[in-house]
Amino acid sequence: LKEGEKKSVKDIAIIGISAKLPNMETLDDYWDNIQSGVDCIRPIPKTRKSDMDAILSYMDIPEGDIQYYEAAYLDNIDQFDHEFFRLPPKEASLTDVNQRLFMETAWDAMEDAGYGNDKLSGTNTGVYVGFSNNIKDMYMRYITETMQTSALSIVGNLASILSNRISY
């Protein structure tokens, strides 16, 4: 700050919260896990391993090169309700799992804040999203290598579309 300038303070209120975390169904479970010191690190679940095995085999990665580590794996990542989000089944299946999880979590946070259903519809509400996928374009690579790429697969794998999906 220059001499004589005042520091500007902005208040921020968190009015809704949601999270998708390992070994929990609700935020109360999350706090219970923290208080109890629950370690959520575990071997990869069998269903997740079989899904990954299928993807990696399509990518011609030799089985001997695949090593699974213990990690904090999420449960139920395959239970996206495409009808609720008004996505056709094909588009939902081609949409990056991270985007599907984000849509679910954003909706849960809006409900937690008391803005579920259509309470925000038609209002001057902005949606801003910061999103980074650590495994850059892996799902899109899988789609392009295993099936014909279509407009549906491109939209569902662009991080820039997330705020539009939520605002819709």
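The values are calculated or read from the model by the stated rules, or taken from the named source; none is laboratory data. It should be emphasised that the depicted structure is a prediction, and the values quoted were computed from it without experimental measurement. We place every Cβ from the backbone using ideal geometry, glycine too, and count neighbours over all the protein chains shown. Accessible surface is based on the protein model in full, side chains and every heavy atom, while ligands, DNA and RNA are left aside. Shrake-Rupley method; radii C 1.70, N 1.55, O 1.52, S 1.80 Å.
Report yes if GLU83 is among the charged types (D, E, K, R), modelled with pLDDT of 85 or more and assigned to a helix (DSSP H, G or I), otherwise no. If you could, list the steps in order and put the result at the bottom.
Values: among the charged types (D, E, K, R): yes; modelled with pLDDT of 85 or more: yes; assigned to a helix (DSSP H, G or I): no.
It is false that GLU83 is among the charged types (D, E, K, R), modelled with pLDDT of 85 or more and assigned to a helix (DSSP H, G or I).
Taking the conditions exactly as written (part of a loop (DSSP other than H, G, I, E, B), over 30 Å from ALA151 (Cβ atoms) and open to solvent by less than 60 Å² (accessible area, probe 1.4 Å)), does GLY16 satisfy them or not? Working first, answer last.
On the way: part of a loop (DSSP other than H, G, I, E, B): yes; over 30 Å from ALA151 (Cβ atoms): yes; open to solvent by less than 60 Å² (accessible area, probe 1.4 Å): yes.
So GLY16 passes the test.
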Margin query: Checking the conditions here, which among TYR115, TYR69, TYR128, TYR73 is part of a loop (DSSP other than H, G, I, E, B) and touching a strand residue (DSSP E or B) at 6+ places or on another chain (Cβ under 7 Å)?
Written below: TYR73
Note to self: I need the full set of residues from the stretch 85-136 which are among the hydroxyl-bearing types (Ser, Thr, Tyr) and either touching a residue at least 40 places away in the same chain (Cβ under 8 Å) or more than 18 Å from SER153 (Cβ to Cβ) (or both), in order please.
What the structure shows: THR95, THR105, TYR115, SER121, THR123, THR125, TYR128, SER132
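Restricting attention to the stretch 116-129, which residues are within 20 Å of the chain's Cα centre (by Cα) and over 15 Å from ARG165 (Cβ atoms)?
GLY116 - this is the single residue of the stretch 116-129 that is within 20 Å of the chain's Cα centre (by Cα) and over 15 Å from ARG165 (Cβ atoms).
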Check: What tally of residues in the stretch 70-84 results from selecting those that are open to solvent by 70 Å² or more (accessible area, probe 1.4 Å) and touching a residue at least 24 places away in the same chain (Cβ under 8 Å)?
Finding: 3
Check: Is there any pair linking a residue in the stretch 45-60 that is free of Cβ contacts under 8 Å to residues at least 12 places away in the same chain and open to solvent by less than 60 Å² (accessible area, probe 1.4 Å) to one that is hydrophobic (A, V, I, L, M, F, W, C) and assigned to a loop (DSSP other than H, G, I, E, B), with Cβ under 6 Å and at least six apart or on different chains, and which?
Finding: LEU56/ILE66
Next item on the list: Among the numbered conditions (1) open to solvent by less than 80 Å² (accessible area, probe 1.4 Å); (2) in a loop (DSSP other than H, G, I, E, B), tell me where GLU25 comes up short.
Entry: (1)
